[in-house]
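Enquirer: Quick one: this structure, given as structure tokens, is what I'll be asking you about.
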Amino acid sequence: MRRRLVDSATRGLLFLTTLAGCSLLALILTAVVGRGFPSMSIEFLTREARDFGLDGGIFHQIAGTLILTASAGIVSFPIALGSALFQTEFLKSAGLKQALRIATYTLNGVPTILFGLTGYMFFGALLGMGVSWVTGALILAVMILPTVQISVLEAIESIPAHYRESGMALGLTPWAQIRSIVLPQSFYGIVTGVLLGLARAAGETAAIMFTATAFSGAGIPRSLARPVSTLQTHILVLAQEAVNPKAVANAWGAGLALTALVFALMLSALWARSRLRLESHR
Amino acid sequence: MNDTPPPIEIRDACVSFRGKTVLDEIDCEFRPRSATAVIGSSGSGKTTLLRTIARMNDGMDGFRFRGKLFVQGSEIYGNGTDVCRLRGKVGMVFQKPCVFPKSVLENAVFGLKHHQPERKKEFPELAERFLREAFLWDEVKDRLHQPAAVLSQGQQQRLAIARALAVGPEIFLMDEPTASLDPKSTQAIEELVRSLKQKHCVVLATHNLGQARRLCEEVLFVCEGRIRESGPASRVFDNPLDEETRAYLSQ
Amino acid sequence: MVRGVERPRGFLLAMLALVWCAIGTAAPGGAAEEQTIRVAGSTTVLPIVSKAADRFKVSHRGAAVSVNAGGSGVGVNDVGNGRAQIGMLSRELTREERGQFKNAGLKTHAVGRDAVACVVSSEVYSAGVKTLTREQIRDIYLGKIGNWKDVGGPDRRIVVIDKETHRGTRHVFMQYVFGDEQARAPGARLVTGSNNEEQTKVAQSDAAIGMLSVAWINPDVVGVGIREGGKVIQPTLESVRDGSFPISRNLNLVTAGEPRGIVKEFIDFILGPEGQKIVEESGYVAVR
Amino acid sequence: MSPSADPQANGPERNGRYFPGRGPAYWVCAGFACVALGAAGILLGYLVAESLPALRSQGWPFLLGKDWFVGENYGALPMIYGSVMATALALALALPFALGGAVFVAEFLPARARLIVKSIMELLAGVPGIVYGLLGMSFLAPWIKDAFGLIDGNSLLAAGALLGIMVLPTVMTLSEDALRSVPAEYRENALSLGLTQTEVVFSVAVPQALPGIAGAVFLGVGRAMGETIAVLLVIGGIDRIPSPWYDVFSPGQSIPSKLGREAAESLGYGLHWNALMGLGLVLLLMTMAVAFAGNLFLRRARP
């Protein structure tokens, strides 16, 4: 009897903690949507900001976040894929593999502000790229590299051995194996990794606030050497102006837009990952 | 015949998962102090039948049970059944030996620790007793505090049986306990089953017809979720009445 | 996308080429840079420059002005290191800064005048704290006075709001209160950065004191009068204009050497009639 | 034809696997593989090199000094304290919910509900820091001010609570993964012995998943320690250790928040920058230690 009581009590307690956690998080979503929705409109999304974001919309900021995120993804993806292929298909030395892995995991844990600062000193100052789109894109690319790389690597490594073995038994060359077994089998894993990386880049503020963005006058950059304006830094500026109700409203609007963008990327990543699971169970 | 109810009595039972019927029109009894073999091809429902008796399917997705199932006279799918107490009475041994990542000793008294925590002081002696009953004591008495994973597969399986014995079950459900073991370990387990059936009601699902013939007094042949034939082992093996049974046995 | 590629080698090389294109285009980007003016620095000067930039772009097609905040110290630093052509400065250059960037030949151009007011939450103001003396402000920032009732206000603990040490507003304010632009404020409860942030924190509190450019004063964030020798000077543009308000300052633009080309045009634009009108619109006193 | 495309030139068979030869693609991939290595190296090297002048000029007081005033003193202790304290508060607040939630979701929820809760959690783990910062300054800090009768809500507690909310989904999903990766057989065997479901969970599943759970917690710690923008907006920004030291209602300063506020002021030059990079190095070493510990546990989790 006592055991049953303990069982029910524990269950209840666990349920309560889950409920508390979930409702807190539901509260967050409600707050973001509830506060952001009133300022959402087609005009808000398609007009440029005026009067330091107090008036007008967030068109340039959305565009800036998108191009910065996309260019970071474009730079990061081939590096991550090449690196993963190198580790799984080319490299034989276990020690070197371990070193690469440690570097990746270390990089994954580095606080983003440090990427921003040292990245700026490297790309912006040493290589002379200044505060610009390209500096921001490269910093973000390095920042998301471990996310993408780990995901791609795990996808490739989780390909069941019998696939490779049957490929080998058919007399495929290593290159043919990569092309017809490794890449197709890990396709959704690669997609998942890239999308997760993009989501991470899209939500990042600290790494780009000194390195890629301008408070005003950036617009859509006409060259890689120009600064961009992004949703993240836009929110940061507006948030500090919280006495002005218009600023607050626009900050929440931009916050909702940014959250929606990140969620779209995350949802696609979750979808791709579920496809990966399906494929591997086939 | 006396009045004590049979250890297990199933009346017109039907088991389905998500609407898909897996067992149907099951109607049978198991005798005390004897071994019954449940035979049949893979996927015929042997495992489901065993798991249903211990209510191990409760957590499965879309599980439904209709009919009546009595264990020692009490209806176990009725209201107010204490599932934990039921499983204490019905021990179960699985196909793949599974020991917990703890020491041999801790594994042996694992269930006991939760059922009778007040007997903590006696655990070492109890462990010895049940390990002896499982014919394992001599092999592990010097390694009681080593992780159970170092034991061989056959030893792990006997440890699993000792662990189940410790909880004090009157019924033993064994789901192909020797399927993943080598011949020598199989022999040891068979020896153990012979001794178990002196006191317990043993239900043994097996593919190994020779094993069923060697160990069991009764046989139950399951095919596509239904019982096609049942009866004393010698009769079923030597003179099967059912067409399907004959086909299966003659393989 | 991966499936469609025939040869992984070609695919990898194509990707490599893409990366290098991305990095390579950054270098020729330098040529287009001449028409872009980068401005960074004080949030006090920021409204003037941002608005001026919007109008400047209309009259000068092809010119782009990117403006960043950060604070006066950031402005000086960026100009000194060549990251920006124009720095915004809500104070004068310090001796350290002149020394540090000797080679850059920093030059300041005053574009407007402003006063730094000592501001309090409106609740405190309406409860009776209409004026403060320099000594009272000093003791509050030192933490010696911790409750508004000691200076004639309600019985409420004072939320002392400090600013980041490199901010121009702080330099000017501390110069007046302590006679030292780098003075410490051990009584502070909160440190803020931009004027907007400070304004927000004062407004959100009901017992705060802070320092803020007069352009940021509003009904929630009220500037108290400064009592000096029996006289009370209100923080208004008038008292800045007639020079009576004790905590006033120039709003400067700083360049490395004499401005040339488009940078000179932009500074001249701000100093011209249209630019000076923007200065007045932004809540400051024009210099011309 | 480059040698790598020629089957004859393929590398030897090893461990039953063919490896491609060393064509140009080999070197390209090798170069890419070294990017992460190089980036980590540059990062660490730069921080060490740039922080040396500050360490040399300040000596040990750099780590132990309690006073940070640009141009005079650079003592990192208040920031180190702030980072540790905010992270500790975050853990204390988030762990019960994260772990309780993970156990409940992994062990007691039916498959479909589990998928939904998990997807939501993973989404929430992706909510940008700046949005959390916005939430913190508009809801959490004012609420803390009113609830505890403070003169101002921006405090270590606000930062810790916000961080707790931020890392909760991360810790929860990763712990849940760890619990799910415990083979079902263990649960079945324990169930068949007549254990109640919570007994099964706490005597079999949780102990087995413990390394994985510890890894999840460590990763959460690393996240919390490195978060800049959300903390910057609610921690108060005062470089001071409160007295008494456990007064979490006081304002404070964490390392990332300090870097975020002051780095632009001296980007790249002077002793101030060196001191800031020293802070960065301390932060990096702290997070690296945490990540190492976490990965150690995670590796033990998957044998």
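Enquirer: Apply the membrane-span-like helix rule to chain D: whole DSSP H runs, Cα extent along the own long axis of at least 18 Å, mean Kyte-Doolittle hydropathy at least 1.6. List the helices found.
Expert: Working: long enough: D:24-58 (49 Å, 1.16); D:77-107 (43 Å, 1.71); D:111-125 (21 Å, 0.98); D:156-180 (35 Å, 1.38); D:206-226 (29 Å, 1.11); D:270-301 (46 Å, 1.27).
Span-like helices, by this rule, are D:77-107.
Enquirer: Continuing with the same structure: Roughly what would the spin-label model give for C:ASP180 and B:GLU217, points 7 Å off Cα along C-beta, in nm?
Expert: 10.1
Enquirer: While we're here: Positive end of the charge dipole of chain A (Lys, Arg +1 and Asp, Glu -1 on Cβ, about the Cα centre): tell me which of A:THR88, A:VAL243, A:SER41 has its Cα farthest that way.
Expert: Value computed over the given set: A:THR88.
Enquirer: Just to verify a number: FRET efficiency for D:ARG112 and C:LYS231, C-beta to C-beta distance, R0 = 56 Å, to 0.05? Working shown, then result.
Expert: Values: r = 76 Å, r/R0 = 1.36.
That gives a FRET efficiency of 0.15.
Enquirer: Using only alpha carbon pairs under 8 Å that are at least six residues apart, calculate the relative contact order of the range A:4-162 and give it in whole percent.
Expert: 23 percent.
Enquirer: Ignoring the sites themselves, what is the longest stretch of chain B with no trypsin sites (Lys or Arg not before Pro) in a DSSP loop and at most 14 other beta-carbon atoms within 10 Å?
Expert: B:34-140
Enquirer: Still on this structure, I have one more. Which aspartates and glutamates does D:LYS145 reach when only Cα atoms under 16 Å apart count, and residues fewer than 8 places away in its own chain are ignored?
Expert: Filter leaves C:ASP206, D:ASP247.
Enquirer: By its C-alpha gyration tensor, with a ≥ b ≥ c as the square roots of the eigenvalues, how is the protein assembly as shown shaped: rounded for a/c under 1.5, else prolate for a/b larger than b/c, else oblate?
Expert: prolate
Enquirer: Using the Cα centre as the reference, give the magnitude of the dipole from point charges on the C-beta atoms of the protein assembly as shown (Lys, Arg: +1; Asp, Glu: -1; all else neutral), rounded to the nearest 20 debye.
Expert: Charge dipole, the protein assembly as shown, about its Cα centre: 840 debye, nearest 20.
Enquirer: Quickly estimate the mean residue ellipticity at 222 nm for chain D, helices only: each DSSP H run with n ≥ 4 gives -39500 (n - 2.57), and the total goes over all residues, rounded to 500.
Expert: -22000 deg cm²/dmol
Enquirer: While we're on this one: Please give the FRET efficiency for B:ASP82 paired with A:LEU54, using the beta carbon to beta carbon distance and R0 = 56 Å, rounded to the nearest 0.05.
Expert: Step by step, r from the Cβ atoms, then E = 0.25.
Enquirer: Within the range B:34-64, which residues have the backbone N less than 20 Å from the label spot 7 Å out from B:HIS207 along Cα→beta-carbon, could you tell me?
Expert: Answer for the range B:34-64: B:37-51.
Enquirer: Give me the number: length gained by fully extending D:ASP67 to D:VAL84, i.e. 0.36 nm times residue separation minus the C-alpha to C-alpha distance, one decimal in nm.
Expert: 4.4 nm
Enquirer: In debye, nearest 20: dipole of the range C:135-273 around its Cα centre with unit charges on the Cβ of K, R (+) and D, E (-)?
Expert: Roughly 260 debye, rounded to the nearest 20.
Enquirer: What's the center-to-center distance, using Cα atoms, between the range A:226-242 and the range C:215-281 in Å?
Expert: 25
Enquirer: Related question: Among all the aspartates and glutamates, which ones have a C-alpha under 15 Å from B:LYS141's C-alpha, if same-chain residues fewer than 8 places away are not counted?
Expert: Filter leaves B:GLU106, B:GLU125, B:GLU128, B:GLU133.
Enquirer: When you look at the Cβ of every residue in A:207-219, what mean number of other chain Cβ atoms sits within 10 Å?
Expert: 6
Enquirer: For C:LYS144, give me every one of the aspartates and glutamates with a C-alpha distance below 12 angstrom, ignoring sequence neighbours fewer than eight places off in its own chain.
Expert: Of all the aspartates and glutamates, those that pass the test against C:LYS144 - Cα under 12 Å, at least 8 places apart if same chain - are C:GLU135.
Enquirer: Efficiency by 1/(1 + (r/R0)^6): what FRET value for B:LYS199 and A:LYS246, r their Cβ-Cβ distance, R0 = 60 Å, to the nearest 0.05?
Expert: 0.10
Enquirer: Ignore the peptide's own chain and count Cβ atoms of other chains within 10 Å of each Cβ in A:170-180; give me the average, rounded.
Expert: For this peptide, the per-residue mean of nearby foreign Cβ atoms is 5.
Enquirer: Which residues in the range B:62-92 have a backbone N closer than 20 Å to a point placed 7 Å from the Cα of B:ASP12 along the Cα-to-Cβ line?
Expert: B:64-71, B:73-79
Enquirer: Still on this structure: Which trypsin sites (Lys or Arg not before Pro) from the range D:38-116 combine a DSSP loop assignment with at most 16 other Cβ atoms within 10 Å? Walk me through the numbers on the way to the answer.
Expert: Values: sites: D:ARG56, D:LYS66, D:ARG112, D:ARG114; in loops: D:LYS66.
Counting only loop positions with at most 16 other Cβ atoms within 10 Å, the trypsin sites (Lys or Arg not before Pro) in the range D:38-116 are D:LYS66.
Enquirer: Any idea how far apart C:ASP150 and C:ARG61 come out in nm if each label point goes 7 Å out from Cα toward Cβ?
Expert: 6.5
Enquirer: Picking from C:VAL58, C:VAL151, C:VAL119, which is most flexible by a Gaussian network model of chain C using Cα springs under 10 Å?
Expert: The residue with the greatest mean-square fluctuation here is C:VAL58.
Enquirer: Is the range C:40-87 rounded, prolate or oblate when judged by the Cα gyration tensor, a ≥ b ≥ c being the square roots of its eigenvalues, rounded requiring a/c under 1.5 and prolate requiring a/b larger than b/c? Let's see the in-between values first.
Expert: Details: a/c = 3.64, a/b = 1.61, b/c = 2.26.
Oblate, because a/c is 1.5 or more while a/b does not exceed b/c.
Enquirer: Assign unit charges at the C-beta atoms only (+1 for Lys and Arg, -1 for Asp and Glu), then state the dipole size of the range B:114-251 relative to its Cα centre in Debye, rounded to the nearest 20. Mind showing how you got there, number by number?
Expert: Details: 19 positive and 22 negative charges, 82 e Å.
Approximately 400 debye in magnitude.
Enquirer: For the range C:115-248, rounded, prolate or oblate, judged on the Cα gyration tensor with a ≥ b ≥ c (square roots of eigenvalues), a/c < 1.5 rounded, else prolate if a/b > b/c?
Expert: Rounded is the answer for the range C:115-248, as its axis ratio a/c remains below 1.5.
Enquirer: Anyone know which of A:THR233, A:THR173, A:THR135 comes out most mobile in the 10 Å Cα GNM of chain A?
Expert: Result for chain A, Cα springs under 10 Å: A:THR173 fluctuates most.
Enquirer: Between A:ALA169 and A:GLN98, what is the label-point separation in nm under the 7 Å Cα-to-beta-carbon projection?
Expert: Calculated label separation equals 3.4 nm.
Enquirer: Taking the alpha-carbon centroid of each part, what is the distance from the range D:241-262 to the range B:182-207 in angstrom?
Expert: The range D:241-262 and the range B:182-207 have Cα centres separated by 68 Å.
Enquirer: Which whole-angstrom value gives the distance between the alpha carbon centres of the range A:249-278 and the range A:132-156?
Expert: Going from one Cα centre to the other spans 18 Å.
Enquirer: If I stretch the segment between D:SER181 and D:LEU210 completely, what's the gain in nm (0.36 nm per residue apart, minus their alpha carbon distance), one decimal?
Expert: Difference between extended and current length: 9.3 nm.
Enquirer: So what is the calculated 222 nm ellipticity per residue for chain C, using -39500 (n - 2.57) for each DSSP H run with n of 4 or more, over all residues, to the nearest 500 deg cm²/dmol?
Expert: -11000 deg cm²/dmol
Enquirer: Please average, across the residues of A:123-131, the number of beta carbons from any other chain that are within 10 Å of each residue's own beta carbon, and give a whole number.
Expert: The shielding value for this peptide is 5.
Values in this text are rule-based calculations from the coordinates and carry no lab data. Please read these numbers as outputs of a predicted model, since none were measured by experiment. A quick note on method: Cβ atoms are made from the backbone with ideal geometry, for glycine too, and the neighbour counts reach across all protein chains shown.
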